[in-house]
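The next block holds one structure in the form of structure tokens; read it before the comments.
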Amino acid sequence: MANFRIIPRLEIKSKSLIKGMRMEGLKKFDNLFKRIDNYQKDNADEFFYDDIVASLYSREIDFNFVKRIANLINIPLTVGGGVRALKDIEKLFNVGADKISINSALFNRPKLLEQASIRFGSQSILIQAQTKKINNQYYVFYNSGREYSQILLNDWIKRTIDLGVGEIAIISIDFDGMTNGVDIQLLNYADLYNVSFLYGGGVVNKEDINILKKFNFQGALISAALHKNFTTVKKLKK
């Protein structure tokens, strides 16, 4: 799978780069813009910008900050966090986003996904499926893993595909920030449906990348392993 994408995930809180473990205990990292430059020089395939508190605290999207980052890079940029309406999506495209990630808003307004896919094209709309195992089954969460939807991951994937999603990023809450490998039991979904899947949670080395390729994922969202210098984009792409 030559087109497998290595995608640094930039989790943002108040214009700072942060990272938690299992979406808790957030740690701040310095040199956001220097890191972006380094990841790009290492030939990252995309960036995934995720304002992790915009939805949680009902904050407005910082369009100017997104524009500032978009102006720094020359590779595709996916933007998520706080997307609640079509006007938000349109503004994000206008400031330089190439793809939009939606999560929390869909649990109150699932039709937003359908409307966005029709208006902007399904290839430009991604959903984050933040998931956690409960009683040996995977359920989806929102608001940065804090709200339990009681919806099975498989049912949510089917529903969003029916609504026109173009790509699905499965984020393992249990493995998030742990840098101890991928959640093997979570990987079968990419082989079941005819849409593009990304994976995030625990990716730390080339062995993890090879596992994701084997299960037909199209790319990996990587944060802790890069920010903590456990690996580099260049090493993973090799």
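Values computed for the structure shown
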item: Residue match in the stretch 178-186 (condition: closer than 21 Å to residue 48 by Cα, touching a helix residue (DSSP H, G or I) at 6+ places or on another chain (Cβ under 9 Å) and either open to solvent by 30 Å² or more (accessible area, probe 1.4 Å) or part of a strand (DSSP E or B) (or both)); result: yes
item: Flag if residue 124 is within 15 Å of the chain's Cα centre (by Cα) and of a type outside the set (Lys, Arg); result: yes
item: Filter result for residue 52 (within 30 Å of residue 234 (Cβ to Cβ) and either among the aliphatic types (A, V, I, L, M) or touching a Pro at 6+ places or on another chain (Cβ under 6 Å) (or both)); result: yes
item: Single residue of the stretch 221-238 satisfying the filter (surrounded by fewer than 15 Cβ atoms within 10 Å (Cβ to Cβ) and part of a loop (DSSP other than H, G, I, E, B)) that is farthest from the chain's Cα centre (by Cα); result: 238
item: The stretch 210-220 - residue that is open to solvent by less than 10 Å² (accessible area, probe 1.4 Å) and not in a loop (DSSP other than H, G, I, E, B) and, of those, farthest from residue 12 (Cα to Cα); result: 212
item: Selected residue (criterion: farthest from residue 163 (Cα to Cα)) from residues of the stretch 87-121 that are over 16 Å from the mean Cα position of the chain (by Cα) and charged (D, E, K, R); result: 91
item: Residue list for the stretch 5-60, restricted to those being modelled with pLDDT of 95 or more, open to solvent by 10 Å² or more (accessible area, probe 1.4 Å) and assigned to a loop (DSSP other than H, G, I, E, B); result: 42, 43, 45, 46
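The values are calculated or read from the model by the stated rules, or taken from the named source; none is laboratory data. Since we're looking at a predicted model, the values are computed, not measured. Glycine gets a Cβ as well: all are built from the backbone with ideal geometry, and neighbour counts include every protein chain shown. For accessibility, only protein heavy atoms count, side chains too; no ligands or nucleic acids. Shrake-Rupley method; radii C 1.70, N 1.55, O 1.52, S 1.80 Å.
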